[in-house]
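Okay, so here's the structure we're looking at.
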Amino acid sequence: MKKYIESIMLMLLGMVVVTACSSDDDYQWATVSGEQVYFSNAIAAKQDIPMTGTSFNIPINRVMTDGPLTVNITMTDESGLFSAPSSVSFAAGEAQANIPISYDPTQLEYDDYKEITLAISSTEHTTEYGASSVKVKVGIPAPYTSIGKGELQDNYYFKKSTKVEIRRNDINPNVYRVMYPYKDITNGGSEYMEITLLQPGDNLRDVEITMNGLVYFSDTNTGYHHPDYDADIMLYHPATGFNGFDTEASWAYNRVLEYQEDGTPGLIQLAPFYYMDGVGGWNAANADGNLLIVFPGFTPSDYSMDFTYAGVLTTSSQEIFATGSLTLGADATNVKAVVVDASYDAEAVADAIAAGDLEATEVSAGNIRVPIAADLSGELQVIIVALDGTTVKNYASTKFEYYGGNNPWQSLGTGYFTDNLVITGYYKDSETKTIWEAQTYEVEILENTNQPGVYRMVNAYKGVAQDLDFDYADKNIDVNATDPTGVYIPVQATGVDDGDGMISIASVGGYLIGNYSIDELKAEGYLGTLENGVITFPYIDYKDSQGEVQFSYQGRFIQGSSAYTAGDSGELKVVLPEASQSAKAYAKRMARATSFEHRLKGIRKPMTRVNSKTVNNKILQRNLKLIAK
């Protein structure tokens, strides 16, 4: 490429030499006559005009200034709110004149900019070296007053914080502007993000607002141009046209978290889509804490909590406790905990504790014990709630299992698990861009005696975490094969955390099981099979709107509030201890191999790999076409 560019430069230099050597007889220089009237390219494309005025000027220039000159002007204004004279005059010796544009300020709305075009009517006075017309947008900017420096915390994509100026609208105190929100993070982006405090009775996307504290924010360009997709990452409120986000409840993560004594917001939380137009993006609209705006002079409360479950303790007096270590924020001084069935909604339980409808145990930071009722067993959860009076400020839920000596999980022995939902999403070598291939691991497999056909792989992702050099993964993965022709892996945490949060996985059928029946999923081919002790899962084609296959996949990679297609190598498989000796021997060889050039039988190659997003020095292969505007 360098040599090619150098060749072009030599050719251009040669052309310059030839031109320089040409005689006047061979080349006629262009001549310009007349006054050469033009519009300067320095005229601002956006014209801010005052509410107290009735006119403003657009300058017009000329080159020849010997005598007086009158030039006819044409104005185009579809709004009909502006007027201009039909001509403009230059005095002798004058190189610039002004075209007065008149308006009635009472007919204009704040921040509603109208486009007008001014043009020189006749070519008699124009010049090919200057613009004969100019197009500008004209409007009255809304009056805003700075209330000081606050802070923007992007905890989702950029993971950075920056100081920002915040202004309040002088006319509508429910409207604020965060000025240049991403300038110090990406060195670019929108001039401002406008945040509106919604009031009960307001309408948004034809939905009447009934909840208190909701906010709406304007479309905002982060200023980051993603190199892999050649598109800017935008921030969009979920109400701006995303499928499935057309209800008030779906906007609930965009709200004021804390107010100051004078009623001004102290802390606002935004839950946007990080979206690239025409490409796709990341859904951060269903979780707390992704994007925070801290107002000037406000110190956010700290009701944070972190609970590490340690196990079940039975005392000499036969009292049973769930135990663990609890870390609390400085403001979490009224904290209660309870053990309930894992199927209970944690938020509803927290509200019941706050209302006094559910008895709970007071706890404080350090090692805690939470009583387990005598009639509780199976899958349970510890729910911890931080309160301010009767208001829930924060809550956390940690699930665990306790069977009181009647454990239904019985070990079947050693089996094998081939993962392609997590490990194939990363580079094995970031320098050579070598992507991890599916890996097979030896795992202990249990079966539930109360639900025959439900299998559990103990610490299934321990090997994946070790290979990826992440923290140890201690989560079990259950596989539902109660119907051997309708097998699925429901959504479950893997225990693998790459720094962006806990990763969960599911087979295609397991991801959809809550919305469709087994028969419906079978008919669509979304469920796996158990045959001769080997569980396999279908390889689903992802098609575009024209029906063309873009790639194929076997499950979902879930992190935070976003779910991505995964398993594009088609190798997701579980070999049970009861499988044939040949199947287990083959899986064992796969588990021992360091390079997987061979594949389990019956596997198709993927048509194409899905798109990628950089995470630290590793690459997650994530399909971005999951969010439709």
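For the stretch 425-539, the strands (runs of 3 or more DSSP E) that sit wholly inside it and include 3 or more residues that are touching a residue at least 40 places away in the same chain (Cβ under 8 Å) and not acidic (D, E) are 439-448, 454-457, 502-507, 534-536. Residues considered: T418, T390, T414. Of these, the only one that is free of Cβ contacts under 8 Å to residues at least 40 places away in the same chain and not small (G, A, S) is T390.
Identification of strands (runs of 3 or more DSSP E) wholly contained in the stretch 355-394 with 1 or more residues that are in contact with an Asp or Glu (Cβ under 9 Å, 6 or more places away or on another chain) yields 366-371, 378-388.
Filtered by the rule that a residue be outside any strand (DSSP E or B) and farther than 18 Å from A473 by Cα, the stretch 402-424 gives Y403, G404, G405, N406, N407, P408.
Among the listed residues A310, A284, identify the single one that is in contact with a Ser or Thr (Cβ under 8 Å, 6 or more places away or on another chain) and more than 21 Å from A360 (Cα to Cα). Walk me through how you get there before you give the answer.
Values: A310 fails: more than 21 Å from A360 (Cα to Cα).
When all the criteria are applied, what remains is A284.
Has the stretch 106-119 got at least one residue that is under 16 Å from M64 (Cβ atoms), open to solvent by 50 Å² or more (accessible area, probe 1.4 Å) and in contact (Cβ under 8 Å) with a residue 12 or more places away in the chain? No, the stretch 106-119 contains no residue that is under 16 Å from M64 (Cβ atoms), open to solvent by 50 Å² or more (accessible area, probe 1.4 Å) and in contact (Cβ under 8 Å) with a residue 12 or more places away in the chain.
What are the residues in the stretch 245-289 that are out of contact with any strand residue (DSSP E or B) (no Cβ under 7 Å at 6 or more places or on another chain) and among the polar types (S, T, N, Q), if any? Correct list: S250, T264, N286. Residues of the stretch 429-453 that are closer than 20 Å to K573 by Cα and either open to solvent by 20 Å² or more (accessible area, probe 1.4 Å) or charged (D, E, K, R) (or both): I435, W436, E437, Y441, E442, E444, L446, E447, P452.
Before we move on, is R589 more than 22 Å from the chain's Cα centre (by Cα), within 23 Å of G463 (Cβ to Cβ) and modelled with pLDDT under 75?
Values: more than 22 Å from the chain's Cα centre (by Cα): yes; within 23 Å of G463 (Cβ to Cβ): yes; modelled with pLDDT under 75: yes.
Against the criterion (more than 22 Å from the chain's Cα centre (by Cα), within 23 Å of G463 (Cβ to Cβ) and modelled with pLDDT under 75), R589 qualifies.
Look at the stretch 194-209 and say how many of its residues are on the phi > 0 side of the Ramachandran plot and surrounded by fewer than 15 Cβ atoms within 10 Å (Cβ to Cβ).
Of the residues in the stretch 194-209, the ones on the phi > 0 side of the Ramachandran plot are 201, 205-206.
Those still in the list that are surrounded by fewer than 15 Cβ atoms within 10 Å (Cβ to Cβ) too: 201, 206.
The qualifying residues number 2.
Among the conditions (1) farther than 29 Å from V496 by Cβ; (2) out of contact with any strand residue (DSSP E or B) (no Cβ under 9 Å at 6 or more places or on another chain), K543 misses just one, which is (2). So in the stretch 265-311, with the set limited to residues that are open to solvent by 50 Å² or more (accessible area, probe 1.4 Å), among the small types (G, A, S) and under 24 Å from the mean Cα position of the chain (by Cα), which one is modelled with the highest pLDDT? Only one residue fits best here, namely S304.
The values are calculated or read from the model by the stated rules, or taken from the named source; none is laboratory data. Not measured: the values here are computed from a predicted model. Using ideal geometry, Cβ is built from the backbone for each residue, glycine included, and neighbour counts are taken over all protein chains shown. Quick note on the areas: whole protein, heavy atoms, side chains included, nothing else; ligands and nucleic acids left out. Shrake-Rupley method; radii C 1.70, N 1.55, O 1.52, S 1.80 Å.
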